[in-house]
Amino acid sequence: MKYLFLLLSIICLSITNVFRPVHVFMIGDSTMADKPEKAIPEYGWGQVLHYFFNDSVIVDNHARNGRSSKSFINEGRWTEVMSRIQKGDYVIIQFGHNDSKPDTARYTNPFTTYKENLEKYVLETREKGAIPILCTSIVRRHFKEDGTLKDTHGDYLIAARQVAKENDVYFIDMEEKTKQLVESMGPEQSTRLYLHFESDVYPLRPKGLEDNTHLSQEGAFRIAGLAVQGLKEADIPLTGYLVGKEKPKQISSQK
């Protein structure tokens, strides 16, 4: 009986290892983070990304409001993610919104500490046999008089692009993609993507709001769709698990 139990335990463990879904870990700030019910109608684009993938993928979103590339590490959040990553998983990295904040807990210099933090995420992800995907921050909705958007991320965008090039990392320029989307919709229609609502519409948020940084549900889905578009354009193997795909591509820990 003892040997039968041992045999069954080995079989169960083997099945668990064979059929473990690919995990997509997300690290970033509030524009990516999952939101609690009390935050409705606010969503993060990472909150809805799982709808684009089949059951072979689990999206494990660790993005949190207000975090920078520095504070995410110092609070132990990266250590927690690292403890869960396995070979063949993916890590989507998007910081920058809060790295320019003046407080010492979050501020990073674009071309020194910010780049160093992004490189840390990339290199340590690869050490685990997983695949990093680096993203620039999504755009803020601040229009100029000529109908184009102001650049509110500056050198952090340049630094992220440099890290991707210097380390040969899969890269999605979410700033450029979201900029094109918001500008194409214009000042009026683009409010649908962000938190613009009247007072007394949402019981848990009775005050009206005009927030040009954080996303509505529509905005979250549209921007998650842009991220998926970026995965396809970069020919990232993760696209083999998109809804409607029959067979995933071979996973490699390189790139």
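What number comes out for the charge environment of Ala224, summing +1 per Lys or Arg and -1 per Asp or Glu over other residues with Cβ under 12 Å away?
Computed value for this residue: +1.
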Among Val139, Val228, which comes first, second and so on when ranked by fewest other beta-carbon atoms within 10 Å?
Val228, Val139
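Would you mind classifying region 197-245 by shape? Square roots of the alpha carbon gyration tensor eigenvalues, ordered a ≥ b ≥ c; an a/c under 1.5 is rounded, otherwise it is prolate if a/b is larger than b/c and oblate if not.
On the way: a/c = 5.62, a/b = 3.02, b/c = 1.86.
Note, shape of region 197-245 comes out prolate.
If you average 1/r across every pair of different Cα atoms in the chain and take the reciprocal, what Kirkwood value do you get, in Å?
Computed over Cα pairs of the chain, the Kirkwood hydrodynamic radius comes out at 19.3 Å.
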Cα shape, region 124-252, gyration tensor, a/c 1.5 rule
prolate
Residues of region 196-210 with backbone N under 19 Å of the label point set 7 Å from the Cα of Lys38 along Cα→Cβ are 200-209
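How charged is the neighbourhood of Arg20? Take every other residue with its Cβ under 15 Å from the Cβ of Arg20, and add Lys/Arg as +1 and Asp/Glu as -1. Present the calculation step by step, with values, prior to reporting the outcome.
Details: positive: Arg84, Lys87, Lys128; negative: Asp55, Asp60, Asp89.
Once positives and negatives cancel, what remains is 0.
Among Met174, Met82, which comes first, then next, by fewest other beta-carbon atoms within 10 Å?
Details: Met174 26, Met82 16.
If I rank by nearby Cβ atoms, fewest first, I get Met82, Met174.
Using Cα pairs closer than 8 Å and at least 6 residues apart in sequence, work out the relative contact order for the chain, in percent.
Numbers: 459 pairs, mean separation 53.6, N = 255.
RCO, the chain: 21 percent.
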Relative contact order of region 117-174: what whole-number percent is it, with Cα pairs under 8 angstrom and at least 6 residues apart?
44 percent
Taking every other residue with Cβ under 11 Å from the Cβ of Tyr43 and scoring Lys and Arg +1, Asp and Glu -1, one gets -1
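Using Cβ contacts closer than 10 Å as the measure, can you line up Asp168, Asp60 from fewest to most? Each step should come with its number before you reach the end.
Numbers: Asp168 10, Asp60 18.
Least to most surrounded, the residues fall as Asp168, Asp60.
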Quick check: Cα centre of region 193-236 to Cα centre of region 95-109, how many Å?
23 Å
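Read the figures in this text as sums done on the coordinates, not as results from a lab. In this text, all values refer to a predicted model and were calculated from it rather than measured experimentally. Neighbour counts are summed over all protein chains in view; Cβ atoms, including those assigned to glycine, are modelled from backbone coordinates with ideal geometry.
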